[in-house]
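The values are calculated or read from the model by the stated rules, or taken from the named source; none is laboratory data. These numbers were taken from a predicted model, which means no experiment stands behind them. Cβ: placed from backbone, ideal geometry, glycine included. Neighbour counts: every protein chain shown. The protein model used for the area step is the full one, side chains on, heavy atoms only, and it has no ligands, DNA or RNA in it. Shrake-Rupley method; radii C 1.70, N 1.55, O 1.52, S 1.80 Å.
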Amino acid sequence: MLNDFYTYQAQTSPHPLAMEISHAIGSYIYDTNGKAYLDFVAGVSACTLGHQHPRVKEAIKNQLDKYLHVMVYGEYAQHPATELCKLLAQHMPPQLNKTYLVNSGTEATEGALKLVRRVTGRSQLISCHHAYHGNTMGSMSVMGFEERKQIFRPLIPDVDFITFNNEADLEKITTKTAGIILESIQGGAGFIQPENDFLKKVKQRCEEVGALMIIDEIQPGFGRTGKLFGFENYGVVPDVVVMGKGMGGGMPVGAFTASAEMMDLLSHDPKLGHITTFGGHPVIAAACLATLQEVLETNLMAETLEKETLFRQLLVHPLIEEVRGRGLMLAAMTRSAAITNEIILRCHSRGLILFWLLFEGKAIRITPPLTISNQEIEEGCQLLLEVMDEVQHEFGL
């Protein structure tokens, strides 16, 4: 399998971890040799309820017995998608009441960018330095990391950038601006939270000039920060919310939500303003609905903050300079990318899955399933600290 993996499957990096997967359940992934790996990454924040959660599996199996794809998005009323959008509306601020279901977070970003241009009739888009919103051409255009973009230029025009948490930059949002897109917590940049009511001040500036505010919840979404969406922690209501990853319980999905007044503009002048064949797929929507119901009907969201406290209590080591983030969206920061790389690779060989962030090389990603137990957290952190002791000793740090 490994040979075929390298021969026939396109790669995203020169040196993938290339673990041969047998199965996964709960907080563990197993390789084809039967070795168990404790998962502190959850498919990069995607497996909200861990692996093979019974409620998600049951929803998928029940839908498989009814129907799969029947028509392109938006033509037929299908129960799983309708119920998912309804439940989202019931648990979001009143003005965020209509959702467009798509296939991934980056497609949701594309839809949101089109929407703010359609609503305002303006062209300028603003994003943040070190932002990440996906990797298709539109999403890449609002990525704030030139090294990843240069080879693919020209991208879409009229995009400008500000620095996250820099209030002086808000003057760049003007009457020419269609919208600004921000992550409620900057992910790839190092799990950086907004400070000094920054998100509120962005929204206020948008209202002053008639621009729209898009919040990207692809990583924080569905409970990872103690609220259903990260923006709820910062006292702001955006005009458009982008989501993906964790909403699918391990299935591929994305969505963007706004007011009915705004979303209805995508249906005319021109019609088919946004279109997708498989968005709202009934099996995917059933998995999303089950995931959302489980998050809302249990104490998982509140427990993320308790588990964050446990992580912070345990992750004390000379090699850890700080722990960033909120809830179960955490990054342990070391003093160098080389140290971080060594720790992640050694932990993987010992049976603990950690991962990197896109742009911040010093960060160790810790984004386990919301269902992870305290005992599993303690076991994983103990292994991580042991590896750090080894690295500290061997490198004379």
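Out of all the residues in the stretch 63-95, which are in a helix (DSSP H, G or I) and within 23 Å of T371 (Cα to Cα)? Outline the logic, then answer.
Filtering the stretch 63-95 down to residues in a helix (DSSP H, G or I) leaves 63-64, 79-90.
Matches in the stretch 63-95: L84, L87, L88.
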> Which pairs have Cβ atoms under 8 Å, sit 6 or more apart or on different chains, and link a residue in the stretch 317-330 that is closer than 13 Å to M388 by Cβ and open to solvent by less than 10 Å² (accessible area, probe 1.4 Å) to one that is at pLDDT below 95 and not charged (D, E, K, R)?
Replying inline: L319/L397
> Would you call L115 more than 17 Å from the chain's Cα centre (by Cα) and within 30 Å of K176 (Cα to Cα)?
Replying inline: yes
> Residues of the stretch 351-393 being in contact with a Gly (Cβ under 6 Å, 6 or more places away or on another chain), open to solvent by 30 Å² or more (accessible area, probe 1.4 Å) and over 26 Å from I25 (Cβ atoms), which ones?
Replying inline: L358, F359, E360
> Pairs under 8 Å by beta carbon, first residue under 16 Å from A81 (Cα atoms) in the stretch 239-250, partner among the β-branched types (V, I, T) and in a helix (DSSP H, G or I), six or more apart or different chains?
Replying inline: G244/T106; M247/T291; G248/I284; G248/T291; G249/V56; G249/T291
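For the stretch 41-62, give me each residue that is part of a helix (DSSP H, G or I), in contact (Cβ under 8 Å) with a residue 12 or more places away in the chain and either of a type in the set (K, R) or within 23 Å of G327 (Cα to Cα) (or both). Working first, answer last.
So in the stretch 41-62, the residues part of a helix (DSSP H, G or I) come out as 42-45, 54-62.
Next, from what is left, pick out any that are in contact (Cβ under 8 Å) with a residue 12 or more places away in the chain: 42-45, 55-56, 58-60, 62.
Within the stretch 41-62, A42, G43, V44, S45, R55, V56 qualify.
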> Taking the stated definitions as given, is M251 of a type in the set (A, V, I, L, M) and open to solvent by less than 50 Å² (accessible area, probe 1.4 Å)?
Replying inline: no
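How many residues, within the stretch 136-156, are of a type in the set (S, T, N, Q), more than 17 Å from the chain's Cα centre (by Cα) and surrounded by fewer than 20 Cβ atoms within 10 Å (Cβ to Cβ)?
Restricting attention to the stretch 136-156, the residues satisfying the condition of being of a type in the set (S, T, N, Q) are 136, 139, 141, 150.
Imposing the further condition that a residue be more than 17 Å from the chain's Cα centre (by Cα) reduces the set to 141, 150.
Remaining after also requiring surrounded by fewer than 20 Cβ atoms within 10 Å (Cβ to Cβ): 150.
Final tally of qualifying residues: 1.
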>> Of everything in the stretch 171-193, what is out of contact with any Leu (no Cβ under 8 Å at 6 or more places or on another chain) and crowded, with 19+ Cβ neighbours inside 10 Å? Give them in sequence order.
In response: I173, E183, I185, Q186, I192, Q193
> If you go through the stretch 174-231 one residue at a time, how many are among the β-branched types (V, I, T), touching a Gly at 6+ places or on another chain (Cβ under 9 Å) and either over 17 Å from F359 (Cβ atoms) or without any contact (Cβ under 8 Å) to a residue 12 or more places away in the chain (or both)?
Replying inline: 5
>> Being under 27 Å from I353 (Cα atoms) and open to solvent by less than 50 Å² (accessible area, probe 1.4 Å) narrows it down to one residue among A81, A89, A59, A42; which is it?
In response: A42
> Which of the residues spanning the stretch 157-170 are under 23 Å from the mean Cα position of the chain (by Cα) and not in a loop (DSSP other than H, G, I, E, B)?
Replying inline: V159, D160, F161, I162
>> Just to be sure I understand, how many residues within the stretch 1-38 are open to solvent by 70 Å² or more (accessible area, probe 1.4 Å), under 27 Å from S373 (Cα atoms), part of a loop (DSSP other than H, G, I, E, B) and without any contact (Cβ under 8 Å) to a residue 24 or more places away in the chain?
In response: 1
> Which of the residues that make up the stretch 114-130 are under 15 Å from I156 (Cβ atoms) and open to solvent by less than 10 Å² (accessible area, probe 1.4 Å)?
Replying inline: L115, V116, L125, I126, S127
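Within the bounds of the stretch 114-126, is there any residue that is in a loop (DSSP other than H, G, I, E, B) and farther than 25 Å from T276 by Cβ?
No.
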